[in-house]
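Q: The following block contains the structure, expressed as structure tokens.
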Amino acid sequence: NKKLTWTSSDDSIATVNANGQIKGMTVGDVKITATSADGPSITYSATVKIAPVTLKISGTAKCIAKNHVRNKWSKEFYLNGDEIKGTGKVTVENGDIITVGCWITENDANPETDGFTEKIEITPEIMTKGLKIERTVYVTENGGRYSGYSAEWSVVITIKP
């Protein structure tokens, strides 16, 4: 008998209509079963994934307290070890790991540098909504009469789909 009834083991992951067309709803594993009106059935296991997306990564850094540290600065933002100017792009899948970071340097005879790097596991939420990383970075003077004083920086790295 060619009349089939289609079912999904979990409609929150994937639905199936009367014609056997499957629609992924969220990431996960599901079983789709076709049952003949005569009784025999077959089950297919499937994994619903999110298609790869290209994320755009950009950063800003603002000095919010100089505290006697000089005025000449360089700010560098990184994506997977490569410096990005403006906006960096990376194509990712769910579960991938990317590394982002920022380094701030006071440019004088004895440059001081501080910053951070952060590994991020890509989730469906990041792939659809993005992520904002906010950190405070302190660059500490390493010599002269203001040795030990720190400039405080507000750093924001934005990841957008």
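Q: Using only alpha carbons, build the gyration tensor for segment 5-49 and give me the equivalent ellipsoid semi-axes, biggest first, whole Å.
A: Numbers: eigenvalues 76, 21, 9 Å².
So the equivalent ellipsoid measures 19, 10, 7 Å along its semi-axes.
Q: Sticking with this one: Under 10 Å, Cα contacts only: if you run a Gaussian network model on the chain, which one of 124, 111, 40 comes out with the highest mean-square fluctuation?
A: 40
Q: Step by step: find N for the chain, compute 2.2 N^0.38 Å, then divide the Cα radius of gyration by it. What's the final number? Kindly include the intermediate steps, with their values, before the conclusion.
A: Details: Rg = 25.5 Å, N = 161, 2.2 N^0.38 = 15.2 Å.
Relative to the 2.2 N^0.38 Å estimate, the chain comes out at 1.68.
Q: Follow-up. List the relative contact order of the chain as a percent without decimals, with contacts defined as Cα pairs under 8 Å and 6+ residues apart.
A: On the way: 372 pairs, mean separation 33.6, N = 161.
Relative CO of the chain lands at 21 percent.
Q: Within 15 Å, Cβ to Cβ, of residue 137, how many net charges do the neighbouring residues add up to if Lys/Arg are +1 and Asp/Glu are -1?
A: Around residue 137, the charge tally is -4.
Q: If you take every DSSP beta bridge whose two residues both sit in segment 1-79, what share of them, in percent to the nearest 5, is antiparallel? Before the final figure, lay out the partial values.
A: Numbers: 16 of 16 bridges.
DSSP beta bridges in segment 1-79 are roughly 100 percent antiparallel.
Q: Taking a threshold of 24 Å on the Cα-Cα distance, which of the pairs 75/132; 23/119; 119/160; 62/132 fall above it?
A: On the way: 75/132 18 Å; 23/119 32 Å; 119/160 16 Å; 62/132 16 Å.
Over 24 Å Cα-Cα: 23/119.
Q: Next question. Counting heavy atoms of the protein chains only and a 1.4 Å probe, report the per residue accessible area for the chain as a whole number of Å².
A: I get 62 Å² per residue for this part.
Q: Taking 8 Å as the Cα distance limit and 6 or more residues as the minimum spacing, I'd like the relative contact order of segment 74-126 as a percentage.
A: Details: 81 pairs, mean separation 19.4, N = 53.
Averaging sequence separation for qualifying contacts and normalising by length gives 37 percent for segment 74-126.
Q: Another question, if that's okay. Between residue 11 and residue 42, how high is the FRET efficiency from 1/(1 + (r/R0)^6) when r is the Cβ-Cβ distance and R₀ = 25 Å? Nearest 0.05. Don't skip to the answer; put the middle values down first.
A: Working: r = 19 Å, r/R0 = 0.77.
Between residue 11 and residue 42 the formula returns 0.85.
Q: What nm value, rounded to one decimal, do you get for the distance between residue 26 and residue 108 when each label is placed 7 Å out toward the C-beta?
A: With each label point 7 Å from Cα toward Cβ, the separation is 5.4 nm.
Q: Which value does Rg/Rh take for segment 91-161 over its C-alpha atoms, Rh per Kirkwood?
A: Using Cα coordinates only, the ratio equals 1.15.
Q: Quick check: at a probe of 1.4 Å, how many percent of the accessible area of the chain sits on carbon and sulfur atoms? Please report the intermediate quantities before stating the final value.
A: On the way: 4710 of 10050 Å².
After summing per-atom areas, the C and S share lands at 47 percent.
Q: For segment 36-124, what is the relative contact order in percent, using Cα pairs closer than 8 Å and at least 6 residues apart in sequence? Let's see the in-between values first.
A: On the way: 128 pairs, mean separation 25.0, N = 89.
Across segment 36-124, relative contact order equals 28 percent.
The values are calculated or read from the model by the stated rules, or taken from the named source; none is laboratory data. Remember, predicted model here, so these are calculated numbers, not experimental data. Here the Cβ is made from the backbone with ideal geometry for all residues, glycine too, and neighbour counts use every protein chain on show. The protein model used for the area step is the full one, side chains on, heavy atoms only, and it has no ligands, DNA or RNA in it. Shrake-Rupley method; radii C 1.70, N 1.55, O 1.52, S 1.80 Å.
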